[in-house]
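Have a look at the structure below, then the notes.
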Protein chains: 2
Amino acid sequence: MQERVSYNIEVITTGSIVAPRGFQAGTTYCGIKTVKDSLDLGVIFSEYPSTGAALFTTNQIYAAPVKLSRKAVQKGRTRAIVINSGNANACTGEQGDKDAEEMVRLTAECLKISEDEILVASTGIIGRPLPMDKVRAGIQAATASMGNTPAHGNAMARAIMTTDTRQKDIAVRLKIQNKDVILGGITKGAGMIAPNLATMLCFITTDVSMPASLLDKCLRKSVESSFNRITIDGHTSTNDTIAIIANGASGVNIPSNKSADQLPLQIFQQGLDYVTGYLAKAIVKDGEGATKFIQIDVIGARSRGDAARIARSIADSPLVKTAINGEDPNWGRIVSAAGYAGVELNESKTNLYINDILIFTKGMPTQCDLITLSTSMKSTDIQIRLELGLGDYSDTVWTCDLSHEYVTINAEYHT
Amino acid sequence: MQERVSYNIEVITTGSIVAPRGFQAGTTYCGIKTVKDSLDLGVIFSEYPSTGAALFTTNQIYAAPVKLSRKAVQKGRTRAIVINSGNANACTGEQGDKDAEEMVRLTAECLKISEDEILVASTGIIGRPLPMDKVRAGIQAATASMGNTPAHGNAMARAIMTTDTRQKDIAVRLKIQNKDVILGGITKGAGMIAPNLATMLCFITTDVSMPASLLDKCLRKSVESSFNRITIDGHTSTNDTIAIIANGASGVNIPSNKSADQLPLQIFQQGLDYVTGYLAKAIVKDGEGATKFIQIDVIGARSRGDAARIARSIADSPLVKTAINGEDPNWGRIVSAAGYAGVELNESKTNLYINDILIFTKGMPTQCDLITLSTSMKSTDIQIRLELGLGDYSDTVWTCDLSHEYVTINAEYHT
């Protein structure tokens, strides 16, 4: 099943991470998670030497695998990623560092590649040592079961889940220089941090060939307009990791050379933006207890930073989030959340639209059709657009509502 | 009933705002609130010329009464405050400004004092015009029923309530130069902003005599260590107002003169700190849906600002707040909330205590007695102490948990 979303981008609905040529995935249940037969360890592998790039959490408290992978990715030749779910290997001291190193060493042995070609990521409970006997057996089992069928891709998407209620994956086909280039991606994360089951993870594969430095640049650009635009609860995890591997199996090479034709790079960036945008929104839609997907556009700010601060202030306000949960177009909470973002505003120039209906202008509520507006709040997609009338900069943030279910998930979880 | 809390401070449990000599209060139900016979308008009045100081919301979107009172208090001779609850007179345009002005004008006429001796404050729903016919009748009725009995003080504390579940007031007696000086205070606010029923308000009276500039200095200092240390939901209101009136009826004068004996000023500051601290904590304890009072101490930071950022990051994390609601000593959420506060940390120097039990040290959880710790979480008072080991600065923030009741109050409220 395929869908063309733009002239250059065609969505493929099967395969995800192994849709690009020359990629394999292997998964297993090794017993880290307590729910039996739920996958908890996986390996993504490129059959060919590749380039890689990755971005990590900005949290000052970060997990052992983040520490190790941050160093490894600097070589730029990532070819495999080993991931476990159910245990974050965070706040685990020196033993945690050793365990992450051992995960890489074992994976290198099994795949017969170099240790510095491997990234490691973990997600799950914080502060407990990894059950390394299980992990060792898991790496053996996962690497022994590698393949590139849609089932392998699906299993890989499930193996990284924790409190997620559904797998989140995508693949797209791009036409570059008359050749097919494929991008595949998987992600997880039911909160920016879910309970002690921490973390947002995202892994992307592509069969284009590209220098690691350029791949890094493309990834940063994409993440800025996707993952850096979402917030579930404003709580940044200790383990967040986004990595991409490019193995060149498509025969398409995109050089760094600035005098080269820039069109291939533009198409690739477009495709990567689509993949990261799709996956980032998928995280919000599967946010803990989420019943609504909320897009917040702030327009007409004096700077991008101002627009972002206001959008986040609205997105992180529990009063705004609970109002939308209650399907109430509570403009007062939105306007006042904008007002405390630390940005100078001019109330008389401010317009607020909820679901395209102007509800606040010139410092006062409008006489809009409240029945139409109230009815529109029943949609699962809510749009908030705040026009500041102060300048030419804008920003967008995606978030979800705050429900009873969120409190239940997070209050009833016990360490 | 009296309680001595320090050598200099004795708590008086009746009278609150009219406990200091020469103060009166009058209240009425004029029909702004929909719940019949719940008080919704009140006037605080000093029988003598007085000095005054006030602080207001930092929200860029602020209400008409805030705009007007901010200007009026600059004269420094505040003698009366007129307050209505049930309508915030915020986002009400030019009509809102006129209505606030009329409230002051009418109060001045009734009390036979000058308009610039009067502050006005409003709390309640945002974006609806004040029902001025009711307000006019209310000001007449309230000023006609003034008095200084404990019943008058109690009624005044109730007249400013919105979603508050209980009145919050206090009075203390200080000994300064062998004379009694009394401070009385009332406050309201079930969220920093409660739904559309906005606002934190606090009014303090005292019978000391003091220049307005010094009174302002004392108030700022007190507020910094009390109201500026609390957060319910991180959402700053459009109407926050804290005002103090000093009328000199005790016969004690505290001059600005720096060569004068500083002891009277120190005792007064101590008393004022006690009153504002008591009232600020009372707001948190009556926070929307609150079941726990949480004190967060961050110690050993490189600066006060660093300590404050970390304390607020922990206090505003919905994951921390829901964990405490669920009585779970979830140190991982606390440590990771500290980690994304934008302050450089050294994990190996960080110690975390919950209810005085060391649970996290040197980057790892301790082998503490989890049964004792879990039992301690059932208390309504929770203490979080985070030692950073980086410097000599500290900060404290008070907050409450995030409960199902919070979501119910804020999702079921409809504009």
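In segment A:126-145, the qualifying residues are those that are of a type in the set (A, V, I, L, M, F, W, C) and either surrounded by fewer than 21 Cβ atoms within 10 Å (Cβ to Cβ) or free of Cβ contacts under 8 Å to residues at least 24 places away in the same chain (or both), and the one that is farthest from A:Gly42 (Cα to Cα) is A:Met132.
In segment A:324-336, the qualifying residues are those that are closer than 12 Å to B:Ile126 by Cβ and either over 29 Å from the mean Cα position of the chain (by Cα) or at the interface with another protein chain (Cβ under 7 Å from one of its Cβ atoms) (or both), and the one that is surrounded by the most Cβ atoms within 10 Å (Cβ to Cβ) is A:Ser336.
Among the residues of segment B:165-179, the ones that are surrounded by fewer than 23 Cβ atoms within 10 Å (Cβ to Cβ) and in contact (Cβ under 8 Å) with a residue 24 or more places away in the chain come to 7 in all. Once segment A:344-357 is narrowed to residues that are more than 10 Å from A:Trp331 (Cα to Cα) and surrounded by 15 or more Cβ atoms within 10 Å (Cβ to Cβ), the residue that is nearest to the other protein chains (Cβ to nearest Cβ) is A:Leu345. I'd like to check something: does segment A:87-95 contain any residue that is under 17 Å from A:Ile139 (Cα atoms) and hydrophobic (A, V, I, L, M, F, W, C)? The answer is yes, given that some residue of segment A:87-95 is under 17 Å from A:Ile139 (Cα atoms) and hydrophobic (A, V, I, L, M, F, W, C). Check whether at least one residue in segment A:96-116 is closer than 30 Å to B:Asp306 by Cβ, assigned by TED's automatic domain parsing to the domain that holds A:Met132 and touching an Asp or Glu at 6+ places or on another chain (Cβ under 9 Å), and report yes or no. Within segment A:96-116, none of the residues are closer than 30 Å to B:Asp306 by Cβ, assigned by TED's automatic domain parsing to the domain that holds A:Met132 and touching an Asp or Glu at 6+ places or on another chain (Cβ under 9 Å).
Suppose the filter is touching a Cys at 6+ places or on another chain (Cβ under 7 Å) and not charged (D, E, K, R); does A:Leu41 pass it? Working first, answer last.
Working: touching a Cys at 6+ places or on another chain (Cβ under 7 Å): yes; not charged (D, E, K, R): yes.
Answer is yes for this residue.
Scanning segment B:219-256 for residues that are at pLDDT below 90, among the β-branched types (Val, Ile, Thr) and in contact with a strand residue (DSSP E or B) (Cβ under 9 Å, 6 or more places away or on another chain) turns up B:Val223, B:Ile230, B:Thr231, B:Ile232, B:Thr241, B:Ile242.
Evaluate the following for A:Asp261: is it in the same structural domain as A:Thr187 (by TED's automatic domain parsing), over 30 Å from B:Ala411 (Cα atoms) and not in a loop (DSSP other than H, G, I, E, B)?
Values: in the same structural domain as A:Thr187 (by TED's automatic domain parsing): yes; over 30 Å from B:Ala411 (Cα atoms): yes; not in a loop (DSSP other than H, G, I, E, B): no.
When the stated conditions are applied, A:Asp261 does not pass them.
Name the residues in segment A:221-275 that are within 14 Å of another protein chain (Cβ to nearest Cβ) and among the hydrophobic types (A, V, I, L, M, F, W, C), would you? Full working, then the answer.
As a first pass, look at segment A:221-275 and keep what is within 14 Å of another protein chain (Cβ to nearest Cβ): A:228, A:231-240.
Answer for segment A:221-275, where residues must be within 14 Å of another protein chain (Cβ to nearest Cβ) and among the hydrophobic types (A, V, I, L, M, F, W, C): just A:Ile232.
Could you pull out the residue among A:Leu402, A:Leu370 that is within 12 Å of chain B (Cβ to nearest Cβ), surrounded by fewer than 21 Cβ atoms within 10 Å (Cβ to Cβ) and closer than 29 Å to B:Thr408 by Cβ?
Details: A:Leu402 fails: surrounded by fewer than 21 Cβ atoms within 10 Å (Cβ to Cβ).
Just one listed residue meets the conditions, A:Leu370.
Out of all the residues in segment B:306-319, which are more than 7 Å from every other protein chain (Cβ to nearest Cβ), assigned to a helix (DSSP H, G or I) and in contact (Cβ under 8 Å) with a residue 60 or more places away in the chain? Within segment B:306-319, B:Asp306, B:Ala307, B:Ala308, B:Ile310, B:Ala311, B:Arg312, B:Ile314, B:Ala315 qualify. Residue count for segment A:120-140, restricted to those that are more than 14 Å from chain B (Cβ to nearest Cβ) and at pLDDT below 95: 1.
The values are calculated or read from the model by the stated rules, or taken from the named source; none is laboratory data. Owing to the predicted nature of the structure, the values given are computational and were not obtained by experimental measurement. All Cβ positions, even for glycine, are placed from backbone atoms using ideal geometry, and neighbour counts span all protein chains on display.
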